[in-house]
2 protein chains.
Amino acid sequence: MFSIESLFQYNWQIRDEWFEILEPIAEIELFRERNAGIGSIMKTLFHIIDVEYSWIRAIKNEPDVTFDCEEYKDIKSMRTLSDKLRIEIKELLTNWSMDMEYEMVTPGWDDDFYFKGEILRHIIVHEIHHIGQLSIWSKEIGIPVISTSFIGKKLLQRN
Amino acid sequence: MFSIESLFQYNWQIRDEWFEILEPIAEIELFRERNAGIGSIMKTLFHIIDVEYSWIRAIKNEPDVTFDCEEYKDIKSMRTLSDKLRIEIKELLTNWSMDMEYEMVTPGWDDDFYFKGEILRHIIVHEIHHIGQLSIWSKEIGIPVISTSFIGKKLLQRN
């Protein structure tokens, strides 16, 4: 497995565990404004999915797709969106090669140019950061801590 | 810059910004038990530094060094420790090569074997996760949010 892909697998595995553990949680907790980070658990999950996909589209030089967070009012629909977009992202990562790292693109919402490799790393750290925020909130709603250890997940395999 | 190194640079840059912003903060806030994550801001910072170094020692097949958190009672001493250990870590990363990714080591505190590349990724995600937790607490103590964007930090440069 290409080394950068293992970090996407890491994020996705943990994201899916969050979906699972949050599915039975009351709506009021999921939408509660927590006055830090993105504001609520649901907003955070939507933000992670939305930002990841926007940057992937930028890497592909394709126009951004805007999602309306009002359409994703429960964990199930959020997960369906996440699963759907993942197909396209996986395809990009499968065809990733080292020489793409320094290719430059400019996203539709910005005038700057970025290395594609820089964008991939941005997507990775972005999700880990927000999952760290969720881990603090999980204590408030009394759900178990989801392991964020990279080690032990068997994510790095020889090609 | 080797791609994995850019993620260490990312973490270190943000860690140093945290040291800077936390230096004038009252001790009572830094040590306050926050009932989530590692417990307090100081414990979190110590944990990040301690875990990073322990795994780096494991990669080097050298014995772990135990630090006593009681000796690091302010941001200044914490930063001095962080700076000191970074020299050795930088040296390892400078000499990193792709063929080291799948070399196996076993840390002194564990019976399992791990790929060196797996350990490097573990260290990276570990810090990002805990910094995400700090970002929630920063709101409680009223300090500005430190940007955790990878993009815009010019971390990825052609070799």
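The values are calculated or read from the model by the stated rules, or taken from the named source; none is laboratory data. Everything numeric in this text was worked out from a predicted model, so none of it was measured. With ideal geometry, Cβ positions are generated from the backbone for all residues, glycine too; neighbour counts draw on all protein chains shown. Each accessible area value is taken on the protein alone, full model and side chains, heavy atoms only, with ligands, DNA and RNA left out. Shrake-Rupley method; radii C 1.70, N 1.55, O 1.52, S 1.80 Å.
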For the stretch A:3-141, the per residue accessible area (1.4 Å probe, Å²) is 43
Taking a point 7 Å out from Cα toward Cβ as the label site, list the nm distances between B:A26 and the same residue in every other copy, smallest first. 3.4
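Sort B:20-29, A:34-43 for me by packing, meaning the mean count of neighbouring Cβ atoms within 10 Å per residue, highest on top.
On the way: B:20-29: 13.1, A:34-43: 17.6.
Top to bottom by mean Cβ count within 10 Å: A:34-43, B:20-29.
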Place a +1 charge on the Cβ of each Lys and Arg in chain A and a -1 charge on the Cβ of each Asp and Glu, then give the dipole magnitude about the Cα centre in debye, rounded to the nearest 20. 660
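Just the C-alpha atoms of the stretch B:64-159: what Rg/Rh do they give, with Rh taken as the Kirkwood radius? Write out the running numbers ahead of the final one.
On the way: Rg = 16.7 Å, Rh = 16.6 Å.
Using Cα coordinates only, the ratio equals 1.00.
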With respect to the axis carrying A onto B, what is the closest chain A residue by Cβ position, and how many angstrom separate it from the axis? A:G132, 1
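May I ask for the accessible area buried between chains B and A, both sides summed, probe 1.4 Å, to the nearest 100 Å²?
Working: alone 8900 and 8890 Å², together 14400 Å².
What B and A bury together is about 3400 Å².
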Label geometry 7 Å along the beta-carbon vector: A:Q13 inter-copy distances in nm: 2.8
Write down the radius of gyration of the stretch B:3-141 and its Dmax, each obtained from C-alpha positions, in Å. 15.4, 47
Measure nothing but the geometry: give the 0 to 90° angle between the long axis through the Cα atoms of A:75-94 and the longest principal axis through the Cα atoms of chain A, rounded to 10°. 20
Please give the FRET efficiency for B:I25 paired with A:K73, using the beta carbon to beta carbon distance and R0 = 51 Å, rounded to the nearest 0.05. 0.85
Could you tell me what percent of the accessible area of the stretch A:1-103 is made up of carbon and sulfur, with a 1.4 Å probe and every protein chain present? 52
Can you give the average number of partner chain beta-carbon atoms within 10 Å of each beta-carbon in peptide B:133-141, as a whole number? 4
With Cα atoms, 0 to 90° folded angle of helix B:41-59 axis to chain B main axis: 10
Residues meeting the amide H criterion for B:I146 (H placed from the backbone, H to H distance under 5 Å, 5 or more places apart or on another chain) are none
Angle between the Cα long axis of helix A:116-141 and the longest principal axis of chain A, 0 to 90 degrees, nearest 10? 10
Over the protein assembly as shown, what per residue volume does the convex hull of the Cα atoms give, in whole Å³? 138
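As a check on your grasp of the helix formula, calculate [θ] at 222 nm for the protein assembly as shown: sum -39500 (n - 2.57) over DSSP H runs of n ≥ 4, divide by the residue count, round to the nearest 500.
On the way: 10 runs with 180 residues, N = 318.
Computed ellipticity for the protein assembly as shown at 222 nm equals -19000 deg cm²/dmol.
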Over 18 Å (Cα to Cα) among A:K43/B:K153; A:K60/A:K90; B:K43/B:K73 -> A:K43/B:K153
What is the distance in Å between the Cα centroid of the stretch A:47-90 and that of the stretch A:110-157? 16
Which distances, shortest first and in nm, link B:G39 to the matching position in the other copies, using label points set 7 Å out along Cα to C-beta? 3.5
